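The block underneath contains the structure these notes are about, expressed in structure tokens.
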């Protein structure tokens, strides 16, 4: 399932779809086989149980209802829904990452585990720390794989998105108007990307790649290619140069090198949700954790994403 950058207009429809996915978990007996199928990928029960154990432990450590209490079963249903949603999203991301040849390998995962072990003082110390927190090496490997798959895929999408934006501007598009539509920089988006005058001190304190690019541009010049720095992909225009510094406009397409799902840009999430809607439209997404309700039932009542905003099958 190939993902394309999507419009925010179809977010509500895809969110309804995911709500249906969550509602299908219920409290029925757990099946022994896969809990869901997304395209060509089956989500195994073992992975669902692994994540359930992790989130349940975290919830109970934070003071959630304990077994036997009045709110315990309701909490379990909510956690099952949340875990199922995360697994469906991660499955879509993993399949697209594989299609784009950027999927994380077992060796990549082990490299991250080894780095964590070195920081902890050895593998045994790492396992002890994880166990004390209610976790395990298996849970750590799952977290690393899903995080890095998403980071790599988001980087590919951000690079392509930035290139498309730069082409629009180079073809005569209004920089300020485009910045207001697409920039991920909260500080300058509403100002059309206007950063004001960047002084020597400000550039010295800024990302070195960004500062070097600004200093290299002549007044009125736009970068010839999106600039990759720590924050993501930058499209920069220097408007003027004076004794005070450089007057700069920027558009940022976020792809932070220290990435967490909390920093997931709206446009990237939208592309995933549209891909899920496309799987549903092709009857390629089925939740097997309960038979009462299937995940795509809400999609038929919602407007279909436009052809330019949806995923296209491989």
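Just so it is clear, none of the values below were taken in a lab; they were calculated from the coordinates. Keep in mind it's a predicted model, so treat the numbers as computed, not measured. Reconstructed Cβ throughout: ideal geometry from the backbone, glycine too, with neighbour counts over all protein chains shown.
Laid out as a table, the results:
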| quantity | calculated |
| --- | --- |
| Gain in span if fully extended, residue 141 to residue 86, counting 0.36 nm per residue against the direct Cα distance | 18.2 nm |
| Spacing of the two label points (7 Å from each Cα toward its C-beta) at residue 200 and residue 216, in nm | 2.2 |
| 194, 184, 106 arranged by Cβ crowding within 10 Å, fewest neighbours leading | 106, 194, 184 |
| Ascending count of other beta-carbon atoms within 10 Å, so fewest first, for 154, 78 | 78, 154 |
| Radius of gyration and maximum dimension Dmax of segment 174-254, Cα, Å | 11.4, 32 |
| Distance (nanometres) between label positions extended 7 Å along Cα→Cβ at residue 262 and residue 181 | 3.2 |
| Neighbour-count order for 101, 249, fewest beta carbons within 10 angstrom listed first | 101, 249 |
| Rel. contact order, % - alpha carbon contacts under 8 angstrom, at least six apart, segment 174-254 | 34 |
| Residues residue 132 and residue 53, FRET efficiency given R0 of 22 Å [Cβ-Cβ distance, rounded to 0.05] | 0.90 |
